[in-house]
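Input: a single structure, listed below in structure tokens.
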């Protein structure tokens with residue numbers, strides 16, 4: 001049984017991470033929480049049945065006092081590197097929210113740290129495990145669509161995923177905290193899905209970002225054209241700025257067939 005500590009008790013921890021760990025109670029138990037906001041500690045702590053003496057307002061104190069097997073880092077993007085490196089230095093394996101970092105230099109530093117500390121490092125790529133993704137990959141492997149040559153993804157809706165009221169609901173729209181806008185936050189899913197569904201690394205990219213909606217200092221729309229090593233192409237459109245409708249559209253086209261799935265109201 002793994003002892004798990006969650007660092008960051010915002011909405012994504014409350015709505016996704018905590019329920020997921022609760023379902024894995026035969027493999028792991030969340031035994032400690034860290035968040036600077038006591039109200040958020042209470043929300044997640046009570047949901048998981050964790051005693052208040054195991055709630056910490058400083059993650060460094062938690063890491064010093066608790067011998068954890070794994071740390072789940074669910075904090076804003078710019079905090080990923082310090083949190084992940086501190087957890088690794090404490091000897092804990094780490095599961096980090098995406099993106100792993102906001103710069104390639106920080107990604108390289110985190111990878112070196114995990115390697116030096118001898119711990120496993122994972123990043124939340126949750127859309128790889130959706131039933132629709134699993135089915136598309138299964139059919140591609142079975143040869144039912146032939147050779148994939150085009151993945152088309154549109155991920156457009158009327159706003160960003162808001163954070164907890166006790167922290168800052170709009171932190172994803174602030175470059176100093178998020179490190180980027182809709183491309184880094186939601187387009188990230190599109191990029192790893194493109195490589196996974198096409199089954200080929202991205203070799204070249206052309207991208208355009210813009211801000212069309214309310215004034216924020218990050219992009220709220222992005223348009224990406226990817227060329228894969230196999231020769232396939234992916235086209236990705238992501239936006240927080242549309243005023244009506246909105247969906248996540250996925251189409252994987254092969255020389256012998258097509259797989260298409262959507263998430264209305266995404």
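Across region 149-162, what is the number of residues that are buried (at least 19 other Cβ atoms within 10 Å of the Cβ) and in a loop (DSSP other than H, G, I, E, B)?
2
Name the single residue that is surrounded by the most Cβ atoms within 10 Å (Cβ to Cβ) among those in region 21-43 being under 18 Å from residue 11 (Cβ atoms) and in contact with a strand residue (DSSP E or B) (Cβ under 6 Å, 6 or more places away or on another chain).
Selected residue: 33.
When you check residue 5 against the structure, is it within 20 Å of residue 120 (Cα to Cα) and either assigned to a loop (DSSP other than H, G, I, E, B) or over 15 Å from the mean Cα position of the chain (by Cα) (or both), yes or no?
Considered against the rule, which asks whether it is within 20 Å of residue 120 (Cα to Cα) and either assigned to a loop (DSSP other than H, G, I, E, B) or over 15 Å from the mean Cα position of the chain (by Cα) (or both), residue 5 comes out as yes.
What single numbered condition from (1) in contact with a helix residue (DSSP H, G or I) (Cβ under 6 Å, 6 or more places away or on another chain); (2) loosely packed, with under 14 Cβ neighbours inside 10 Å fails to hold for residue 49?
Against the list (1) in contact with a helix residue (DSSP H, G or I) (Cβ under 6 Å, 6 or more places away or on another chain); (2) loosely packed, with under 14 Cβ neighbours inside 10 Å, residue 49 comes up short only on (1).
Do we have residue 259 as touching a helix residue (DSSP H, G or I) at 6+ places or on another chain (Cβ under 7 Å), under 22 Å from residue 75 (Cα atoms) and buried (at least 17 other Cβ atoms within 10 Å of the Cβ) here?
no
Of 79, 95, 111, 100, which residue is outside any loop (DSSP other than H, G, I, E, B), under 11 Å from the mean Cα position of the chain (by Cα) and not assigned by TED's automatic domain parsing to the domain that holds residue 174?
Sole residue among the options that is outside any loop (DSSP other than H, G, I, E, B), under 11 Å from the mean Cα position of the chain (by Cα) and not assigned by TED's automatic domain parsing to the domain that holds residue 174: 95.
If you scan region 89-99, which residues turn out to be surrounded by 19 or more Cβ atoms within 10 Å (Cβ to Cβ) and within 13 Å of residue 60 (Cβ to Cβ)?
90, 92
Condition check ((1) in contact with a helix residue (DSSP H, G or I) (Cβ under 6 Å, 6 or more places away or on another chain); (2) at negative phi; (3) surrounded by fewer than 20 Cβ atoms within 10 Å (Cβ to Cβ)) across all residues:
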position: 184; (1), (2), (3): no, yes, no
position: 199; (1), (2), (3): no, no, yes
position: 208; (1), (2), (3): no, yes, yes
position: 214; (1), (2), (3): no, yes, yes
position: 220; (1), (2), (3): yes, yes, no
position: 224; (1), (2), (3): no, yes, no
position: 231; (1), (2), (3): no, no, yes
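Every residue in region 150-197 that is under 18 Å from residue 252 (Cβ atoms) and free of Cβ contacts under 8 Å to residues at least 40 places away in the same chain, please.
Result: 195, single match.
Going through 224, 242 one at a time, which residue ends up being assigned by TED's automatic domain parsing to the domain that holds residue 154 and at pLDDT below 95?
242
The values are calculated or read from the model by the stated rules, or taken from the named source; none is laboratory data. Computed from a prediction, not measured in an experiment: that's the story for all the values here. Note that we place each Cβ from the backbone using ideal geometry, even for glycine, and neighbour counts take in every protein chain shown.
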